[in-house]
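Worksheet for the structure shown next.
The values are calculated or read from the model by the stated rules, or taken from the named source; none is laboratory data. Remember, predicted model here, so these are calculated numbers, not experimental data. Cβ coordinates were reconstructed from backbone atoms using ideal geometry, including for glycine residues, and neighbour counts include every protein chain displayed.
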Amino acid sequence: MDNKNLVAGFLWLWVVAGMAAYLYQFQGFVRPILQYLGIS
Amino acid sequence: MTAVAIVFFQILACLGFGAALLHVLKIDTDMGPGEYWTLAFATGIGVLGWLLFPLGILGLLGWGPLSALLAAGAVAAVLLRRPGTILSPPRFDAVGRGLLALLVVILAFDLMEGIAPSADADSLAYHFENPKRFVDAGRIFFIPLPLNGAVPMLVQMTYVPALALGGETALTLWAMVSGWAAGAVLFILCRRHLDVNWSLAVTLIFLTTPAVIYGGGAGHVEARNTLFVMVAAWATVRSFETGRLNYVFLAGLGSGFFVGGKYLGLLFAAACGLVAIFRRRWLANGLVFSLAVLAAGFQWYAWNAWHTGDPVFPVLFQWFGNLDPALWTNSHDAFFKEILLKVENPLPRSPLWFVLFPFSATLGFGYTLDAGRVGFGPYGLLVLPFAAAGVWKFRHRLRQSPLLPYAAVALLFYGLWYIFGGSQRIRHLLPILPLFLICVSVAAERFARTTHYRWALICAFAMTLMLQTGAHGLFALNYAKYLAGGSDREAFLKRNVNGYAAVPWVNKNLPKSGRLFIQHRQLRYYLNMPSILGTFLQGEIELRPEATNVRKLHRQFSQAGVTYLLVVRNGDGAAAIYEPPLGMLKNADCLSLIKDFKLRTVHSRTLPGLISTLTTLEVLRLKPESCLE
């Protein structure tokens with residue numbers, strides 16, 4: 001794996017992991033959102 | 001229709017005032033068409049807020065003078081350059097058209113909020129309430145409340161004509177339009193550095209930022225202060241490019257309007273001023289900048305100093321304060337500051353937390369005040385490595401970059417805010433968010449433009465937009481329900497404003513000659529009778545249990561003119577029936593129950609199911625002092 005692929009891999013990982021980490025704080029919102037939308 | 005017409009009238013007036021100012025400064029011919037129209041509107045809002053202060057002092061906030069003021073602005077609009085001859089709309093490809101469609105959806109969400117009654121607590125407590133009281137009185141008067149009343153109100157003054165001439169719907173529509181203006185200015189500033197698609201994407205990221213969704217369409221001043229920040233930052237860059245003092249003056253005016261809109265504007269003026277004088281002719285630049293800041297922003301500080309002795313009440317009250325002791329004492333002042341420091345500043349002011357704060361506020365670790373739902377979203381975090389790599393890759397060009405002043409102003413303001421700011425709520429940083437967005441987006445785009453890292457960056461943009469647009473849609477659903485349900489105002493307000501269920505009864509049954517003691521500040525806007533806040537924000541009635549006794553408490557209630565109380569009755573398991581020290585009055589049999597309301601307390605308007613508790617509100621009558629014998 002060359003440097004460019006390594007950097008690209010890191011950036012993709014950062015984006016996906018960053019979004020997951022951001023969303024984690026809202027875990028308690030899932031049920032109220034589903035309730036509000038009438039899905040649960 | 002009147003409301004819509006008045007909002008258009010006010011838009012035209014702001015464009016006219018801005019055009020006149022840019023014309024006087026002789027920089028209007030030096031601007032691109034997009035910059036000209038958007039920055040004219042932004043500066044026009046500042047000019048309108050500024051002009052309304054002397055009108056308010058003179059007691060000229062009636063229909064006639066306000067109409068004449070807007071008409072004067074509308075007449076000045078003849079100075080505007082004609083769009084047909086100078087504007088060439090950008091061409092949009094398929095992606096651009098998709099982003100435009102998304103923009104239309106987002107504006108539709110905002111419009112639903114704009115035509116509904118206001119339900120935001122801060123707006124109902126003072127952003128909209130103070131202008132309403134000024135309109136009722138036909139003049140401005142001093143409101144001896146820290147944070148809510150004795151504050152710079154340049155932005156809130158722009159709500160006065162809309163409310164006085166067009167009513168409540170014009171007020172909320174004006175909030176919507178002035179919030180959108182921030183997006184328009186941001187788009188134009190982005191266009192200097194990014195193509196149309198990236199500029200649109202950054203604008204959409206901004207308009208759907210949780211803090212913008214929360215405050216942009218409400219009365220919060222932050223979204224409108226972003227306009228003044230962008231004017232100041234843009235003019236600073238132009239002053240570097242041209243060396244003209246006119247731009248330094250405009251940068252000072254932009255900073256001064258922010259100073260007139262919020263105390264934090266003082267920190268911004270310091271940050272922007274430092275950057276503006278950094279290059280050549282620092283003395284001349286500094287003098288011109290300071291003069292403009294003073295001219296644009298001094299009035300509310302003079303107003304505060306006149307009434308309290310403290311221009312930044314209550315920050316310097318212990319040294320300069322001379323307010324009537326019946327309203328605010330030194331001991332209450334010390335107590336208020338202690339509480340404020342503790343509640344509003346949970347994180348230590350250390351170098352470590354200075355660096356960690358943005359991550360803490362984004363990811364929700366540490367104790368950050370309402371940062372998740374009213375924060376800045378994930379965008380900054382996701383593009384961080386792209387932006388950092390861009391800065392590194394083009395480090396040799398940094399000193400010449402036109403974005404360096406934006407970055408310097410934003411960073412300096414953040415540093416000053418973290419050290420001296422009164423509250424660690426991240427939404428108070430919203431005014432500099434556009435500068436941050438431009439800098440990181442341009443750096444990230446430059447880095448990824450020519451490499452195969454581009455798709456990861458596009459993914460970061462797309463995920464942020466999807467998430468934030470979804471959240472915006474969820475927020476707007478509440479307003480869609482209101483419109484779909486036949487615009488039932490009472491039902492909407494009962495659903496969204498804590499304690500509102502008591503308001504119609506109070507307005508119908510209690511005499512307007514009395515004064516109501518309330519614990520829910522958001523009720524003030526909808527109450528028809530005078531009220532006093534039962535919180536530590538006021539010092540008329542000492543609410544510290546250790547600072548009072550029942551006789552003193554009763555005397556203070558009577559002196560404040562309180563005849564009735566609307567208070568929360570604690571549940572069965574609570575230590576006291578009412579919040580202390582009100583229980584003392586109850587135990588002394590000085591309160592008689594008139595009416596009670598069982599209602600559901602809503603902690604989130606967007607997600608009612610998030611936290612919701614049953615509570616009881618009681619209307620109590622304060623008996624005469626003989627109850628203590």
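B:Trp455 meets all of the listed conditions (1) farther than 25 Å from B:Met112 by Cα; (2) within 14 Å of chain A (Cβ to nearest Cβ); (3) touching a helix residue (DSSP H, G or I) at 6+ places or on another chain (Cβ under 6 Å); (4) aromatic (Phe, Trp, Tyr) but one, namely (3). Listed by position, the helices (runs of 4 or more DSSP H) inside the range B:1-89 whose residues that are within 26 Å of the chain's Cα centre (by Cα) number at least 2 are B:2-24, B:33-57, B:63-76.
Taking the criterion of being of a type in the set (Ser, Thr, Tyr), in contact with a strand residue (DSSP E or B) (Cβ under 7 Å, 6 or more places away or on another chain) and either touching a residue at least 40 places away in the same chain (Cβ under 8 Å) or more than 14 Å from every other protein chain (Cβ to nearest Cβ) (or both), the residues of the range B:559-612 that qualify are B:Thr563, B:Tyr564, B:Tyr578, B:Ser592, B:Thr601.
Residues in the range B:388-411 that are among the small types (Gly, Ala, Ser), under 19 Å from A:Val15 (Cβ atoms) and surrounded by fewer than 22 Cβ atoms within 10 Å (Cβ to Cβ): 2 in all. Taking the range B:456-500 as the range and being among the hydrophobic types (A, V, I, L, M, F, W, C) and outside any helix (DSSP H, G or I) as the test, only B:Val497 passes. When restricted to residues that are within 21 Å of the chain's Cα centre (by Cα) and in a loop (DSSP other than H, G, I, E, B), the range B:237-262 contains 1. A residue that is farther than 22 Å from B:Asn528 by Cβ, among the β-branched types (Val, Ile, Thr), more than 23 Å from the chain's Cα centre (by Cα) and surrounded by 15 or more Cβ atoms within 10 Å (Cβ to Cβ) can be found somewhere in the range B:459-472. Across the range B:418-455, the qualifying residues are those that are of a type in the set (Phe, Trp, Tyr) and part of a helix (DSSP H, G or I), and the one among them that is nearest to B:Thr209 (Cα to Cα) is B:Phe436.
Can we say B:Leu614 is surrounded by 15 or more Cβ atoms within 10 Å (Cβ to Cβ), under 37 Å from the mean Cα position of the chain (by Cα) and within 30 Å of B:Asn478 (Cβ to Cβ)?
no
Of the residues that sit in the range B:354-393 and are among the β-branched types (Val, Ile, Thr) and within 12 Å of another protein chain (Cβ to nearest Cβ), which one is farthest from B:Thr464 (Cα to Cα)? Only one residue tops the list, namely B:Thr368. Contact annotation: residue pairs with Cβ atoms under 8 Å, 6 or more positions apart or on different chains, pairing a residue in the range B:467-480 that is at the interface with chain A (Cβ under 9 Å from one of its Cβ atoms) with a partner that is surrounded by fewer than 17 Cβ atoms within 10 Å (Cβ to Cβ) and in a helix (DSSP H, G or I), are B:Leu467/A:Leu23.
Restricting B:Val506, B:Val497, B:Val440 to those that are in contact (Cβ under 8 Å) with a residue 40 or more places away in the chain and within 20 Å of the chain's Cα centre (by Cα) reduces the list to B:Val497. Checked against the criterion of being away from chain A (no Cβ under 14 Å), out of contact with any strand residue (DSSP E or B) (no Cβ under 9 Å at 6 or more places or on another chain) and of a type outside the set (Lys, Arg), the candidates B:Tyr526, B:Tyr500 yield just one match: B:Tyr526.
For the range B:505-514, the tally of residues that are at pLDDT below 95 and either surrounded by 14 or more Cβ atoms within 10 Å (Cβ to Cβ) or in contact with a Gly (Cβ under 7 Å, 6 or more places away or on another chain) (or both) stands at 1.
With the structure loaded, tell me whether B:Val275 is more than 23 Å from the chain's Cα centre (by Cα), in contact (Cβ under 8 Å) with a residue 24 or more places away in the chain and assigned by TED's automatic domain parsing to the domain that holds B:Thr43 or whether it fails that test. Answer is yes for this residue. With respect to B:Ser331, determine if the residue is in the same structural domain as B:Arg449 (by TED's automatic domain parsing) and either outside any helix (DSSP H, G or I) or touching a Phe, Trp or Tyr at 6+ places or on another chain (Cβ under 9 Å) (or both). So B:Ser331 does not fit the description; no.
The condition (being within 30 Å of B:Pro314 (Cβ to Cβ), surrounded by fewer than 22 Cβ atoms within 10 Å (Cβ to Cβ), in contact with a Lys or Arg (Cβ under 8 Å, 6 or more places away or on another chain) and away from every other protein chain (no Cβ under 12 Å)) is satisfied by just one residue among B:Tyr418, B:Tyr414: B:Tyr418.
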